[in-house]
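Presented below is the structure to which this report refers.
Throughout, read-outs are computed from the coordinates displayed, never taken from laboratory work. Given the structure is predicted, the values throughout are model-derived calculations rather than measurements. With ideal geometry, Cβ positions are generated from the backbone for all residues, glycine too; neighbour counts draw on all protein chains shown.
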Amino acid sequence: MRIYQAHDYHEMSRKAANIISAQMIMKPDAVLGLATGSTPLGIYRQLIDWYHKGDLDFAEIRSVNLDEYKGLSADNPQSYAYFMRANLFSQVNIRPENIYIPNGLEEDIEKECLRYNSIIRGLGGIDLQLLGIGTNGHIGFNEPGEAFETETHCVRLSQDTIRANARFFDSMEDVPKHAYSTGIKNIMQAKSILLAASGEAKAEALYQALCGPISPAVPASILQLHNNVYIVADEGAFSLFRERGKRIG
Ligand code: F6R
C-alpha cells in the first residue's frame, strides 16, 4: 500500500489525478473504474484541465462506474450517470460507447447484475479503480456488514449513507433507498486501486480502514489485502493518525 498525504483537498485532487493520468499514459485504452460524490470532483476537474492542455487523451479509455441509484434514469440530475456526464464525460473526448454505468431503471435485479459483471469481465477487468470512502467505511455502495465476496448487486442503503447523500436531494425522503453497486469482489479484482479521502468527516473511516482489523464492519478495510493500492488523503482525513500516534506511509 502506498500512502500519500496532501495538505488540502486541492493538493489531494492533483496527486490523485496524477496517478490516474500515469495510468492513462501507460495504457491509453485503460479500463478506469470511476466514482461519484464530492471527493472525485477536484480530480475530474484536474483531468479535464490536462485534457484541454493536450496532456491527456480519453479517446481509447473505457470507464466503468461503481454504482447507480436504483429507480433513477440517466437524465435525472441526481443520477450518477448525469453526474458523470456533467463533471467529466461531456468535457473530454471519451467515446459514449466506452462508458458503462449500471442501469438504474432496470427492474430485474438479477439481469442487471449479471449484465454489469459480464461487461467488466468482457473488458478484461479494471486497470485502476478510483474510490471514495463513506463516513461508515463503505466503498462503492458496499455497506458495513455485507459479505466481501459479492459482485454487482442491489444494495439497501444504510441510514448513514442516506443521511450523508441527502445533501444532493431536496430532502432525506427523496434519496433512493436502493442502488446497484459493484461488489467488493469486483473492486478487489481491479489491478490497482486509488482511494481518495478529504476532510475530518472521513478521519475515523480512513483510520479504521487502514489501521483497524479487516472486517465487513468496515468494508474499506479489505483494501489492506490488495497488493496495489494507493491512498491519497489530506491532513483532515489523516487527522486521527496524528492524534493516535500512527505513522502515515
Ligand atoms: C460514489 C461511491 C461512494 C462514495 C462515498 C464518498 O460512487 O461509490 O462510495 O465514494 O460515499 O462520497 P463523497 O465523496 O461524496 O464523500
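Name the residues of region 31-46 whose amide N is less than 18 Å from a point 7 angstrom out from the Cα of Asp55 along the C-beta direction? Under 18 Å, as judged by backbone N against the label point of Asp55, lie 41-46 of region 31-46.
For Arg45 and Glu110, what does the FRET efficiency come to when R0 = 41 Å and r is the distance between their Cβ atoms, rounded to the nearest 0.05? For R0 = 41 Å, the calculated efficiency reads 0.65. Taking the square roots of five times each eigenvalue of the Cα gyration tensor of region 91-172, the equivalent ellipsoid has semi-axes of 24, 17, 15 Å, listed largest first.
Let me check I've understood the local charge: for Gly137, count other residues with C-beta under 14 angstrom from its C-beta, Lys and Arg +1, Asp and Glu -1. What total comes out?
Numbers: positive: Lys202; negative: Glu143, Glu146, Asp160, Glu204.
Local charge sum for Gly137: -3.
Using C-alpha pairs below 8 Å separated by at least 6 residues, the relative contact order for the chain is 25 percent. Note on region 115-249: along the principal axes its Cα atoms extend 45, 39, 22 Å, ordered by decreasing extent.
For the chain, the spherically averaged projection of the C-alpha convex hull amounts to 12.2 nm². Projected onto planes of every orientation and averaged, the convex hull of the alpha-carbon atoms in region 173-249 covers 6.3 nm². Take the alpha-carbon centre of region 203-244, take the same for region 44-95, and report the distance between them in whole Å. So the separation of the two Cα centres works out to 27 Å.
Separation of region 167-181 and region 1-38, taken as the distance between their Cα centroids, equals 27 angstrom. Could you name the lysines in cross-link range of Lys15, using Cα to Cα under 25 Å and dropping any fewer than eight places away on the same chain? Those lysines meeting the cut-off are Lys27, Lys53, Lys191, Lys202, Lys246. Simple point charges give the picture: +1 on the Cβ of Lys and Arg, -1 on the Cβ of Asp and Glu, and for region 53-168 a dipole about the Cα centre of about 320 debye.
Computed over region 29-143, the range of Cα coordinates on each principal axis works out to 43, 32, 27 Å, biggest value leading.
Among Asp170, Asp67, Asp234, the largest mean-square fluctuation in a Gaussian network model of the chain (Cα springs under 10 Å) belongs to Asp170.
Computed over the chain with a Gaussian network model linking Cα atoms closer than 10 Å, the most mobile of Gly137, Gly122, Gly145 is Gly122. Please list, or write none, the aspartates and glutamates whose alpha carbon is within less than 12 Å of the alpha carbon of Lys70, excluding same-chain residues fewer than 8 places away. The qualifying aspartates and glutamates are Glu106, Glu107, Asp108, Glu112. Can you tell me what share of the DSSP beta bridges in the chain is antiparallel? A percent to the nearest 5 is fine. Beta bridges within the chain, antiparallel portion: roughly 25 percent.
Across region 140-214, C-alpha contacts under 8 Å between residues 6 or more apart give a mean separation that, scaled by the residue count, equals a relative contact order of 35 percent.
Charges only on Cβ, +1 for Lys and Arg, -1 for Asp and Glu: so what's the dipole of the chain about the Cα centre, in debye to the nearest 20? Before the final figure, lay out each step's value.
Working: 24 positive and 30 negative charges, 149 e Å.
In debye, rounded to 20, the chain gives about 720.
Residues with beta-carbon under 14 Å from that of Thr152, excluding Thr152: net charge, scoring Lys, Arg +1 and Asp, Glu -1?
On the way: positive: Lys70, Lys111, Arg115, Arg121, Lys185; negative: Asp67, Glu68, Glu106, Asp108, Glu110, Glu112, Glu146, Glu149, Glu151.
Net charge in that neighbourhood comes out at -4.
In order along region 142-154, the Karplus-derived 3J(HN,Hα) couplings, from 6.51 cos²θ - 1.76 cosθ + 1.60 at θ = phi - 60°, round to 7, 7, x, x, 7, 5, 6, 7, 6, 9, 4, 8, 9 Hz, and Gly and Pro are given as x.
In what order do Tyr100, Tyr80 fall by count of nearby beta-carbon atoms within 10 Å, going from fewest to most?
Tyr100, Tyr80
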